[in-house]
Amino acid sequence: MTISGRLLVWAGLLLAVAVVPSVHAQTVAVVNARIVAGPEAEPISRGALLIRDGRIAAFGDADSVPVPQGMTVLDAGGGTLVAGFWNSHVHLIAPPLDHAAGHADDVLSAALTSAYLRWGFTTVFDIASAPGNAFGLRARIATGTVRGPAILTVDEPFFPKDGVPGYVPDTLGGWSLKQAEVATAAEASARARRQLAQGADGLKIFAGSMVGGEIGVLPMDLDIARAVAVAAHDARKPLFAHPSNTEGMEVAMAAGVDVFAHTTPNIAPWPEAVVRRLVEADIALVPTLALIEVEVRKEGAPAAALERMRENASGQLRAFSAAGGDVLFGTDAGYADVYDTRDELRLMHEAGLDWRQLLASLTSTPAARFGQRARKGRIAEGMDADLVILARDPALGVEAFADVRYTLIGGRVVYAAGPGE
Ligand SMILES: [Zn+2]
């Protein structure tokens, strides 16, 4: 990030501090809402929803859900109420979140608000950051001192030996990425098990690492990738992989990974047989389509290259989704200095996903994939009151998923849009 970019982010954070939620109670009635309970649900055009003790107590047509006296009322203003969103690909590596221990609660709350809560994210999956950083930050969110989304994390990633990608610096906020390289399966297995014991919710390998130069993409040794996969699966946790190219995809598939963290824009759309193998192996995909433009611009590559990479990635997502693969919404926020979700929504829509499929990628699919189907990802009685109120109906334009009026976590309003937003 440039200095001016940093200043802009900080200015944004200061603005975000001003948006102090006015509703703190966990006993809340959301009224005047259009409720879309899940991706397949029939919308309730004039609905109400009651929250007690942080969970959804009742919801339905306003006439059938009377608001008990004394309940705090949140008027949705006719907006669309959906389950809280998941961003299944972020990194806590940009200041001040890269060094959470060194920052005050309000600074972290402001950063998490502008990066995630403001876009409706109630859960994020950090898929690589400095060792221990995410654990400390989420502990402060859990106790309520910092306002932010629920954080799942893979903690430190696994790079092949001499395989730190060329597009990241050698150190990030004092974390030397070189230390995340693994030379043997035994070394990888030991660290994987240590991280899981410390509380990691999954693991991440660079099955193909874009080191650049003459090598280009460096594949991870299959025995190392397998060792990390076995550790993850022994703990019943998902393994993410950065595939990068055909060879990286083959390593990832042979190792048994669960989630591709990106499409592979550098290679042509996946042949039908490859798509079938991915779906049969129950591998989920985070497309990160908007990231391509960010990267291409950074490298100053010609417009034709951007167009080709876009077509590759878009074709991959289109075929994967049509074949019934699990698509997870994710933006690489934190690595990419882009938090606005509109471009990603638009590009995924152009790749063939309708608003219901996008809602699934933001809610029910990640909740199910990451073991939280019983608590999150849908509006249903007894589920966590992680909710988003959108100003517009996403059926009329998918960018409405970025037009967030309120974000609630466990029944608390953690973000409320200001008058000009
Ligand atoms: Zn990433």
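Descriptive notes on the structure:
- In region 166-178, of all residues being loosely packed, with under 14 Cβ neighbours inside 10 Å and not hydroxyl-bearing (Ser, Thr, Tyr), the one that is nearest to residue 101 (Cα to Cα) corresponds to 174.
- Top-ranked residue of region 237-263 - restricted to ones that are farther than 17 Å from residue 88 by Cα and of a type in the set (Ser, Thr, Tyr), ranked as most open to solvent (accessible area, probe 1.4 Å): 246
- Matching residues in region 376-415 - criterion: being closer than 15 Å to residue 38 by Cα and either modelled with pLDDT under 95 or of a type in the set (A, V, I, L, M, F, W, C) (or both): 379, 380, 383, 385, 387, 388, 389, 390, 395, 401
- Some residue of region 119-131 being within 21 Å of residue 333 (Cβ to Cβ), in a helix (DSSP H, G or I) and either not polar (S, T, N, Q) or not assigned by TED's automatic domain parsing to the domain that holds residue 190 (or both): yes
- Residue 387 meets all of the listed conditions (1) over 15 Å from the mean Cα position of the chain (by Cα); (2) within 16 Å of the ligand (Cβ to nearest atom) but one, namely (2).
- Residue match in region 196-210 (condition: under 22 Å from residue 152 (Cα atoms), out of contact with any Leu (no Cβ under 6 Å at 6 or more places or on another chain), away from the ligand (no atom under 16 Å from the Cβ) and open to solvent by 50 Å² or more (accessible area, probe 1.4 Å)): yes
- Criterion violated by residue 101 - all others in (1) more than 16 Å from the ligand (Cβ to nearest atom); (2) surrounded by 18 or more Cβ atoms within 10 Å (Cβ to Cβ); (3) in a helix (DSSP H, G or I) satisfied: (2)
- One residue from 290, 273 being within 14 Å of the ligand (Cβ to nearest atom), modelled with pLDDT of 95 or more and open to solvent by 20 Å² or more (accessible area, probe 1.4 Å): 290
- In region 132-149, of all residues being in contact with a helix residue (DSSP H, G or I) (Cβ under 7 Å, 6 or more places away or on another chain) and part of a helix (DSSP H, G or I), the one that is surrounded by the fewest Cβ atoms within 10 Å (Cβ to Cβ) corresponds to 136.
- Sole exception among (1) without any contact (Cβ under 8 Å) to a residue 40 or more places away in the chain; (2) more than 16 Å from the ligand (Cβ to nearest atom) for residue 243, by number: (2)
Per-residue answers, yes or no, for (1) hydrophobic (A, V, I, L, M, F, W, C); (2) assigned by TED's automatic domain parsing to the domain that holds residue 31:
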{"position": "328", "(1), (2)": "yes, no"}
{"position": "359", "(1), (2)": "yes, no"}
{"position": "365", "(1), (2)": "no, no"}
{"position": "382", "(1), (2)": "no, yes"}
{"position": "392", "(1), (2)": "no, yes"}
{"position": "401", "(1), (2)": "yes, yes"}
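- Any hit, region 251-261, residues being assigned to a helix (DSSP H, G or I), within 16 Å of the ligand (Cβ to nearest atom) and of a type in the set (A, V, I, L, M): yes
Matching residues to (1) small (Gly, Ala, Ser); (2) open to solvent by less than 10 Å² (accessible area, probe 1.4 Å); (3) away from the ligand (no atom under 16 Å from the Cβ):
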{"site": "314", "(1), (2), (3)": "yes, no, yes"}
{"site": "320", "(1), (2), (3)": "no, yes, yes"}
{"site": "333", "(1), (2), (3)": "yes, yes, no"}
{"site": "337", "(1), (2), (3)": "no, no, no"}
{"site": "340", "(1), (2), (3)": "no, no, yes"}
{"site": "353", "(1), (2), (3)": "no, yes, yes"}
{"site": "356", "(1), (2), (3)": "no, no, yes"}
{"site": "362", "(1), (2), (3)": "no, yes, yes"}
{"site": "369", "(1), (2), (3)": "no, no, yes"}
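- Set 261, 231: member being in the same structural domain as residue 290 (by TED's automatic domain parsing) and more than 26 Å from residue 333 (Cα to Cα): 231
- Scanning region 371-395 for residues that are open to solvent by 20 Å² or more (accessible area, probe 1.4 Å), out of contact with any Asp or Glu (no Cβ under 7 Å at 6 or more places or on another chain) and farther than 15 Å from residue 56 by Cα returns 371, 372, 393, 395.
The values are calculated or read from the model by the stated rules, or taken from the named source; none is laboratory data. Owing to the predicted nature of the structure, the values given are computational and were not obtained by experimental measurement. As a convention, Cβ positions derive from the backbone with ideal geometry for all residues, glycine included, and neighbour counts pool all protein chains shown. The area values use the complete protein model at the heavy-atom level, side chains included, leaving out ligands, DNA and RNA. Shrake-Rupley method; radii C 1.70, N 1.55, O 1.52, S 1.80 Å.
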